[in-house]
Amino acid sequence: MAALPGLTPGTLPPEAAALRARVREFLAETPFTARCDSWLTGADPAFSRLLGERGWLGMTLPERYGGHGRSPLERFVVIEELLAAGAPVGAHWIADRQTGPSILAHGTEEQKKRFLPAIARGECFFAIGMSEPDSGSDLASVRTRAERDGGGWRLRGAKVWTSGAHLAHAILVLARSAPRSQDRHAGLGQFIVPLPDDRVTIRPIRGLSGEHHFNEVVLDGVFVPDALVLGRAGDGWRQVTAELAHERSGPERLLSTFMLIRLLHGRAAGPAARRALGGLTARLWALRQASLGVAGALARGETPDLAAALVKDLGTRFEREVIEAVREHAGVEPDPGSPDPLARALAESVVQAPGFTLRGGTNEILRGIVARGLGVR
């Protein structure tokens, strides 16, 4: 553990308590439908704009680009409260969590001025164009091609499991901009594709209960001008791995099933149920400290990709174990039509649970990253 940079216990700044109180007051006064896994399944653009009005989007972006110059630890407090309440944050989540920081780090001045203020207002949503059919979590195997065409590039290929693409104003696509070589990580680039576009087809991938947040995205020769290439074509692998530190380590990797813990707390009867609840709470607190440690590393300008991978591995396994513990001790079964909020929350969690350890990189891939970083593979 000590050998992984960034994985030290996190400490919140003194002003965090007042900020947390303001977020809780807002949530108590604002009507919304609470959901498990709300950062993926709960999208409400109007709610996102309310957060933007309060300065709770684009928090870590500089003020000159419409942000608020706050620290990643202050942002941690806000999103922790939103997730714990099951608030509908899915519409803006990708843009605020990772695309905004990526554009800030690698984008041109024109790109920053175009996209960052709108992200901070809750008026510009992004989708991630990384995963592809038949590629699993192996991003280096992407087959989407970016071919030179005059003053830009033509993109051809398909992306899958693209959360929120049907709501997004743009998608950041990872594509191969040069022929394959012995270095599988070379020749990749990131391209900003505004949406909608006649050469981009977005098809819904519906879940078992009919919900729609995943999509397949087909790029049929869509043109991306040079002005919308993020960073340098060919440097995509380095940029993506830095982006994944933001994607993998946040409290959303621990709190997708937090509503179950909260509801179980209100009805845990008997020593076995109380022991289970205590064990879950203790583990959650330890994982929270690790996630805070990564946020602290980001605040120091570090790239804690190994620590982020470990947090996601441990956190998403914990989220799945919460479901089984609650089913065992709550005395209810998943039922989306039940008047019991715990039965409904269980139903939402059971449907989403297979994806917990897949999205953002499978746990097997993450363990390989950690092993290589420790020099044992």
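Peptides 342-351, 197-206, 120-129 ranked from most to least packed by the mean count of surrounding Cβ atoms within 10 Å: 120-129, 342-351, 197-206. Distance from the C-alpha centroid of segment 76-99 to that of segment 232-261: 12 Å, rounded to the whole angstrom.
For Glu110 and Phe223 in the same chain, what is the full-extension length gain: residue separation times 0.36 nm, less their Cα-Cα distance, in nm? Don't skip to the end; give the middle numbers.
Details: separation 113, 0.36 × 113 = 40.68 nm, distance 1.83 nm.
Computed gain between Glu110 and Phe223 is 38.9 nm.
At full extension, Glu324 and Val376 could sit 15.4 nm farther apart than now, given 0.36 nm per residue minus the alpha carbon distance. In terms of overall dimensions, the chain has a Cα radius of gyration and Dmax of 20.4, 71 angstrom. Of the accessible area of segment 136-186, computed with a 1.4 Å probe over protein heavy atoms only, carbon and sulfur atoms account for 52 percent. Rolling a 1.4 Å probe across the protein heavy atoms gives the chain an accessible surface of 43 Å² per residue. How far, in degrees from 0 to 90, does helix 271-299 lean away from the longest principal axis of the Cα atoms of the chain, to the nearest 10? Helix 271-299 sits roughly 30 degrees off the main axis of the chain.
Mean projection of the Cα convex hull over all viewing directions, computed for segment 14-124: 6.3 nm². Once R0 is set to 25 Å, what does the formula 1/(1 + (r/R0)^6) return for the Cβ-Cβ distance between His169 and Ile365, expressed as a FRET efficiency to the nearest 0.05? With R0 = 25 Å, the Cβ-Cβ based efficiency is 0.25.
For the chain, the longest principal axis of the C-alpha atoms and the axis of helix 305-330 are separated by about 40°. Note on Ala272 and Arg49: their simple-model spin labels are 5.1 nm apart, each label 7 Å out from Cα toward Cβ. In the chain, the DSSP-assigned H stretches of four residues or longer account for a calculated mean residue ellipticity at 222 nm of -14000 deg cm²/dmol, using -39500 (n - 2.57) per stretch and the full residue count as denominator.
Cα extents for segment 157-215 along the principal axes, largest to smallest and rounded to whole angstrom: 43, 25, 14.
Straightening the chain between His185 and Thr201 buys 3.0 nm, computed as 0.36 nm per residue apart minus the Cα-Cα spacing.
Which value in Å is the Kirkwood Rh of segment 180-293 over different Cα pairs?
Working: mean 1/r = 0.0533 Å⁻¹.
Mean inverse Cα-Cα distance, inverted, gives 18.8 Å.
The values are calculated or read from the model by the stated rules, or taken from the named source; none is laboratory data. Worth saying up front: this structure is predicted, and the values here are computed from it rather than measured. Here Cβ is always computed from backbone atoms with ideal geometry, including for glycine, and neighbour counts include all displayed protein chains. Accessible surface is based on the protein model in full, side chains and every heavy atom, while ligands, DNA and RNA are left aside. Shrake-Rupley method; radii C 1.70, N 1.55, O 1.52, S 1.80 Å.
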